[in-house]
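Trainee: Take a look at this one; I'll ask things after.
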Amino acid sequence: MSHRKLLQRSLGMTAEAKVLLAGILLRYPSGRFDSAQLHAHAEALGLSIRLVRRSMLELSGLRFVEMERVAQGRGQPMIHYEMTEHLLGSLQDEAEEKQEKTPPCVHGELVDAVLSASSPIGHLKGLQAQVKGRAGLQGRASASNRLLLAILLIHADRFGVVDCLGLASLSSLAGLSRTRVESQLYKLNQLGLIRCKVPGFSGSTLLGSPKTVYFLNLNHPDLACANSHALVFLATEFPSAAEESEAALIFDSAHDEHFSNKNHGGLQLVVSEGFDGLASTLSLQRSLADQGRVLYGMLQHRLDGYASLLLSHRWHDLASTEFFCDDSILSRIAKDFPATGLKLTALEVAGRGLPRFLYEVAFLLAVRLRRQLSHLVGLPWTATEFRLLPLPDPRRQTEARALLALPSEGALQPSNLFVPPGNWLAGGYEQSIPLDYRYVCGLLTRFPAYKRYSRPD
């Protein structure tokens, strides 16, 4: 659809003009509309008449829209608009020109709902209805918020994970400066529309230059629909919050006992002190953001992802806790951690190769999660996909790890599940879990205030 293609193009227009044009393309696919229809849509978006006039002049100057004034007696004349062939040509799919397939948009219905502004999107606490003025505006999504959210939804997977858009790409696609993009992301997080993010960086010897990863909250009550609703499981038998995460153990103290699973007859990892020293050295890359501590979050995110794949595709195989190798996941790890530079040294020091070592850590995490979820009865485990959400602090365990579950096909039925007393389960949405506790277990996090990082002298 043309309005979705518009969201994936950098056409040199402002955010207000782009969100207005995308909504109009959605509402009037014929490309013809009048000033009354335009102002009705702009009012739903919360755009002022001044911004609408400026945006339409901008679109006219770009030769995307043609305007014709039609006198109708007394008062201001009606203005008729029509999309130009120049605009339609600009929206041609670049992938079609290269004879390549474009990945389908998984959340097309949500994108349309956000752009059409058919319903308000507000804070999880639902206070925006009682508050007026500027304070009220802070409690609901603005037009620019909607545009950025729609762009993220276009690039999100089934679980709402966006890992292909850097800040520069978001800035270009949204028509916003980097500072404004940061501000809009902060607002979306405050509204509960972005669960959390794993900061990206460049120049890491071990992890390369990954882009920031965003986890959208598709279970937000103002956003959720039947196709995107995921069940939420909270695994509560994890170590205390004082213990380190898997990533922190690798970087700080990767010795035998930290990854052993002796009590349950599972795999025992043996990591040499040489690898421990190497990992600690790599973690002190102070040229990276937050003096190198961003490495912990990205490494933990990748380990969580590998464990999620094991739960999704090897559920029955994990039941025995007997170690096995999944070649597809191992190949993915090798791709994520190509053996170059110091990574070759890591391969030698670890003894069996860095990808194999990281796979073993993810395997132990998956076994532990599988054991904690096995008490639930009624879920079609082999036809369910899982996604482990990031830790609020990538260096520390939490009281519970949060997992999302989606069916491979059809829909999950929470009513078919038997949940023993004392276990948390949100049946299709998260409102049964107290808001404060959602922040504890990582279902929601609070973005830190935006600040620029500078390289030390």
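Trainee: Give me the percent of accessible area attributable to carbon and sulfur for the range 12-75, probe 1.4 angstrom.
Mentor: The computed percentage sits at 49.
Trainee: Could you order the peptides 5-17, 57-69 from most to least packed, using the average number of other C-beta atoms within 10 Å per residue?
Mentor: Ranking, from highest mean packing down: 5-17, 57-69.
Trainee: If you don't mind, there's one more thing I want to ask. Between Arg396 and Phe447, what is the label-to-label distance in nm when each label sits 7 Å out along the Cα-to-Cβ direction?
Mentor: Between Arg396 and Phe447, the simple spin-label model gives 2.3 nm.
Trainee: Points 7 angstrom from Cα along the Cβ direction at Ser169 and Asp34: gap in nanometres?
Mentor: Simple spin-label model gives 4.2 nm for this pair.
Trainee: Please report the spacing between the Cα centers of the range 140-165 and the range 1-75 in Å, no decimals.
Mentor: 21
Trainee: Just subtract the alpha-carbon distance of Tyr186 and Ser10 from 0.36 nm times their residue separation and send over the number in nm, one decimal.
Mentor: 61.1 nm
Trainee: From the protein chains alone at 1.4 Å, what is the descending order of accessible area for Lys187, Lys125, largest first?
Mentor: These residues rank, largest area first, as Lys125, Lys187.
Trainee: Stretch Ser60-Ser2 to full length: gain in nm at 0.36 nm per residue minus the Cα-Cα span?
Mentor: Full extension of this stretch gives 19.1 nm more.
Trainee: Compute the distance in nm between two label points, each set 7 Å from the Cα along the Cα-to-Cβ direction, one at Ile79 and one at Asp157.
Mentor: Those two pseudo-labels are separated by 4.5 nm.
Trainee: Using only the heavy atoms of the protein chains and a 1.4 Å probe, how would Thr382, Thr179 rank by accessible area, largest first?
Mentor: Of Thr382, Thr179, the descending order of accessible area is Thr382, Thr179.
Trainee: If amide hydrogens are placed 1.01 Å from N in the peptide plane, which non-local residues have theirs closer than 5 Å to the one on Cys196?
Mentor: Phe215
Trainee: Once phi is turned into ³J(HN,Hα) by the Karplus curve 6.51 cos²θ - 1.76 cosθ + 1.60 with θ = phi - 60°, what whole-Hz value does each residue of the range 152-163 show in order, with x for glycine and proline?
Mentor: 5, 5, 4, 9, 8, 7, 4, 8, x, 8, 10, 10
Trainee: Give me the extension gain from Ser331 to Ser374: residue separation times 0.36 nm, minus the current Cα-Cα distance, reported in nm with one decimal.
Mentor: 12.7 nm
The values are calculated or read from the model by the stated rules, or taken from the named source; none is laboratory data. This one's a predicted model, so the numbers in the text were calculated from it and none came from an experiment. Positions of Cβ are backbone-derived with ideal geometry, glycine not excepted, and every protein chain shown enters the neighbour counts. Remember, those area values only see protein heavy atoms, side chains included, never the ligands or the DNA or RNA. Shrake-Rupley method; radii C 1.70, N 1.55, O 1.52, S 1.80 Å.
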